[in-house]
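Reading through the structure tokens given below for one structure.
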């Protein structure tokens, strides 16, 4: 029998946020712990388990969790491991699905990376309900992506498909990207990419701009947004530049999977039409003819504060991995799910 | 009960080739008609039906066809129509699945474009047997593609996904492409693209080359291949240029679907290692780190003369579309499949 709730856990470099979610996508209750408090992974899992346990008890949800979904950087859906995470201290291969399932006495666990979780969240509870083909693009410090084809997340043969922040947009003289290559979409169209564009434009141009009142090294995408809202031409041109490149990148993505929509999520989307208008115009201008006028550019419908937990939780409904547990005591019938 | 054969039909601009194929991918018998002999589509279907019928009778295959698969340019899997075909005279929306199914008394028909059919053929009978994630790239007059994710062809929301010949590789000063845009992969890495590169190199360079003995306008990719085999440096550099760009394009495709292999098919692949070596080197050099060393570049295992029919036939096994036929005569039981 399906239980009424799933647990969503989002592991970020600073906080681990978790929530109890029902089938309609309501976050019944949520909590968090500091991710880096424990250098030992087992200690981290122990603390996570106690914190979640308290939340379950307080909300009468013990024994009512169908599955646990975890969103984490570099999480591999197939192996249940976090592989070479850049900002986590627990080693190169962290068997998180197994350890968490064991801590929760065998509740099934599924894991994936943050952007894939966002796509699942959108499909289960948000703007992509009813869509079988769409692409989720997360615009934050980096550019992430989760691709859905035929109603299924695209994991690829190794579980790592969907790094669309790292398609190459400038093949000559491109910006250095965090991945060690040059010219990646992420180096231009992330929040930090927008700030880099601001510094470049301020150097290359001589017109006045509100942004010239700031120390160039401290400029953020939010500063660019605020200047643009006040009609600052240089700031408006930064959004135009960013949106145009995004549209060009999206045109190539459409040639791949012909999605019904590309859904944008993350801090940069707060700029709304400032960004969306040039994206849409550039996409249409660059599309292969057969695709024109078909793919929508829309914003996520999930509240940003809930989205990470909701996305991870969506994976909980389909979780299958169960840690092997010690055989139950003879007094318990073997078929029964162990108590949580 | 499954019948022992499928029928594969490949509709090209000149010939329509068809064959009876068994479950092991043997082409039991094949034939062809001229595609453009009839300006009226119904007449074309009538001639196709008679020619196939003769083949079925001659091979004791009447009543033994499970389904019909058709590969055709601009064929839409979902609607069963050929939409705006550039080289066919039968109108803008040709309801081919319906008409052919009707002509064959209700045998189910499925259609898709040539490159998707090639991918299905490779998965069913060729180099991609057992693969769930791969990309087929056809290198002919144009560059086509068929993408398989999770064991399924990627059709997209509109049935037209997978036009990877039209991702943009040169965003500035790119070559004009047949699609009306500039800088597409196809404008560089098709057989005709290789010939264009030869003309560009001959203009831009002054070193001697066997290719200078030919009228530049008549140079083909085969000429470039033959010169390269003889050690001609300019010809070798043309393959290097082509392979490098292909590798860069493939690196972006891997970031999308992380395929186990990219399978190459078509005339240009006859150049073998001349092309494959720079493709492989360039792919590895340009891959996002997490993908390095994982995606193979391999050649199709289907004989070129059989491949189009085999690819189309593979679709026949899963064909579901049945034309609505007139009600059977009262003497026939209604449940029975009408005679062919």
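Taking the criterion of being surrounded by 18 or more Cβ atoms within 10 Å (Cβ to Cβ) and either within 13 Å of chain A (Cβ to nearest Cβ) or over 17 Å from residue B:134 (Cα atoms) (or both), the residues of region B:277-289 that qualify are B:278, B:282, B:283, B:286, B:287, B:288. When the criteria are applied in full, residue A:230 meets the requirement of being away from chain B (no Cβ under 14 Å) and over 21 Å from residue B:169 (Cβ atoms). Just so you know, in region A:290-300 the residues that are in contact with a helix residue (DSSP H, G or I) (Cβ under 7 Å, 6 or more places away or on another chain) and in contact (Cβ under 8 Å) with a residue 60 or more places away in the chain include one that is surrounded by the fewest Cβ atoms within 10 Å (Cβ to Cβ), and it is A:299. Candidates in region A:175-192 are the residues that are surrounded by fewer than 16 Cβ atoms within 10 Å (Cβ to Cβ) and in a loop (DSSP other than H, G, I, E, B); of these, the one that is nearest to the other protein chains (Cβ to nearest Cβ) is A:180. Only one of the numbered conditions (1) at pLDDT 95 or above; (2) touching a helix residue (DSSP H, G or I) at 6+ places or on another chain (Cβ under 8 Å) is violated by residue A:231, and that is (2).
Rundown of residues vs (1) modelled with pLDDT of 95 or more; (2) part of a helix (DSSP H, G or I), yes/no style:
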| residue | (1), (2) |
| --- | --- |
| B:236 | yes, yes |
| B:249 | yes, yes |
| B:262 | yes, no |
| B:268 | no, yes |
| B:279 | yes, yes |
| B:285 | yes, yes |
| B:305 | no, yes |
| B:319 | no, no |
| B:325 | no, no |
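May I ask you to verify whether residue A:33 is touching a helix residue (DSSP H, G or I) at 6+ places or on another chain (Cβ under 7 Å) and either in a helix (DSSP H, G or I) or more than 22 Å from residue A:302 (Cα to Cα) (or both)? Spelling it out, residue A:33 is indeed touching a helix residue (DSSP H, G or I) at 6+ places or on another chain (Cβ under 7 Å) and either in a helix (DSSP H, G or I) or more than 22 Å from residue A:302 (Cα to Cα) (or both). Checked against (1) without any contact (Cβ under 8 Å) to a residue 24 or more places away in the chain; (2) under 24 Å from residue A:196 (Cα atoms); (3) within 13 Å of chain B (Cβ to nearest Cβ), residue A:273 passes all but condition (3). Of all residues in region B:91-105, those being touching a helix residue (DSSP H, G or I) at 6+ places or on another chain (Cβ under 9 Å) and at pLDDT 95 or above number 8. Tell me whether region B:203-217 contains one or more residues that are more than 14 Å from chain A (Cβ to nearest Cβ), crowded, with 18+ Cβ neighbours inside 10 Å and part of a helix (DSSP H, G or I). Within region B:203-217, one or more residues are more than 14 Å from chain A (Cβ to nearest Cβ), crowded, with 18+ Cβ neighbours inside 10 Å and part of a helix (DSSP H, G or I). All but one of (1) assigned to a helix (DSSP H, G or I); (2) away from chain B (no Cβ under 14 Å); (3) more than 30 Å from residue B:154 (Cα to Cα) hold for residue A:241; which doesn't? Residue A:241 satisfies every listed condition except (2). Those residues that are farther than 20 Å from residue A:120 by Cα and away from every other protein chain (no Cβ under 14 Å), I need them from region A:251-270; list them, please. Hits for region A:251-270 are A:268, A:270. Scanning region A:163-173 for residues that are more than 7 Å from chain B (Cβ to nearest Cβ) and crowded, with 16+ Cβ neighbours inside 10 Å yields A:165, A:169, A:170. Scanning region B:188-207 for residues that are touching a helix residue (DSSP H, G or I) at 6+ places or on another chain (Cβ under 6 Å) and within 19 Å of residue B:270 (Cα to Cα) returns B:188, B:189, B:191, B:193, B:194, B:195, B:197, B:198.
The values are calculated or read from the model by the stated rules, or taken from the named source; none is laboratory data. Note that the structure is a prediction, hence the values are computed from the model and not measured. Note: ideal-geometry Cβ built from the backbone for every residue, glycine included; neighbour counts use all protein chains shown.
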